[in-house]
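The values are calculated or read from the model by the stated rules, or taken from the named source; none is laboratory data. This is a predicted model, so every value here is computed, not measured. Here the Cβ is made from the backbone with ideal geometry for all residues, glycine too, and neighbour counts use every protein chain on show. Calculation scope for accessible area: heavy atoms of the full protein, side chains included, ligands and nucleic acids excluded. Shrake-Rupley method; radii C 1.70, N 1.55, O 1.52, S 1.80 Å.
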Amino acid sequence: MAYASRFLSRSKQLQGSLVILQQNAIPVRSFAKEAARPTFKGDEMLKGVFTEIKNKFQAAVDILRKEKITLDPEDPAAVKHYANVMKTIRQKADMFSESQRIRYDIENETKEIPDARSYLLKLKDIRTRRGLTDELGAEAMMFEALEKVEKDIKKPLLRSDKKGMDLLVAEFEKGNKKLGIKKEDLPKYEENVELSIAKAQLDELKSDALEAMESQKKKEEFKDEEMPDVKSLDIRNFM
């Protein structure tokens, strides 16, 4: 572990990717530098906002200092534990879960879309952007359902067309039944989304750690030291 401690203590690259809230620390520091200037209208409100951000950041750091995270995205137990840690951080910091963030994106990015086809294309874009896979084939089913409805009504389907949208929902329900998708299973699907994202984040952390180790290994002072197994690293030692 000597090698791990020495290189990780110098590696800003890895430390920068460990804390999910670290991006929020920058405005806090910027505000601190301006603390000595005269108070103007609105400063107290801004101070409250930045204090809240600082508190959320500190809550995340406090949790990460207590929890052992294993950088092994191929181990289901490690992925589940990491997902639980991130869930605890979100709850303490009053942040969206990934599922909630996706719903928020959908609501915001589709509210001005008038037609069903553009709506489904936007859903596909959001899914792709979030790195989510469609293992069940639900996306293809929805487009097939839309094709059938538009063929029946002989025109593009608008979201304002209540009768046409009811037909589309009915087709979705038929497709969901074929795919074995049930409304009562939605919590399970959301959990699977969280686990999928947690695995991707762990994989990114592992890649960052390996890249940092490879970079340090090239330096003269580390050339004779053996690189540790990335799974043995304990980020609590470097925070």
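Observations, loosely collected:
- Among (1) over 21 Å from the mean Cα position of the chain (by Cα); (2) in contact (Cβ under 8 Å) with a residue 24 or more places away in the chain; (3) loosely packed, with under 14 Cβ neighbours inside 10 Å, the one test that GLU112 misses: (2)
- Flag if ASN192 is under 19 Å from GLU135 (Cα atoms), in contact (Cβ under 8 Å) with a residue 12 or more places away in the chain and under 27 Å from the mean Cα position of the chain (by Cα): no
- Of all residues in segment 91-103 being outside any loop (DSSP other than H, G, I, E, B) and surrounded by fewer than 19 Cβ atoms within 10 Å (Cβ to Cβ), the one that is modelled with the highest pLDDT: ARG103
- The single condition among (1) among the small types (Gly, Ala, Ser); (2) surrounded by 14 or more Cβ atoms within 10 Å (Cβ to Cβ); (3) within 29 Å of ASP75 (Cα to Cα) that GLY164 does not meet is (3).
- Residue tally, condition assigned to a loop (DSSP other than H, G, I, E, B) and open to solvent by 60 Å² or more (accessible area, probe 1.4 Å), over segment 62-81: 3
- Filter result (of a type in the set (Ser, Thr, Tyr) and in contact with a Gly (Cβ under 7 Å, 6 or more places away or on another chain)) within segment 153-186: none
- Among (1) in a helix (DSSP H, G or I); (2) buried (at least 17 other Cβ atoms within 10 Å of the Cβ), the one test that ILE106 misses: (2)
- Total residues in segment 186-239 satisfying the condition of being over 30 Å from ARG103 (Cβ atoms), open to solvent by 80 Å² or more (accessible area, probe 1.4 Å) and either among the acidic types (Asp, Glu) or in contact with a strand residue (DSSP E or B) (Cβ under 8 Å, 6 or more places away or on another chain) (or both): the figure is 7.
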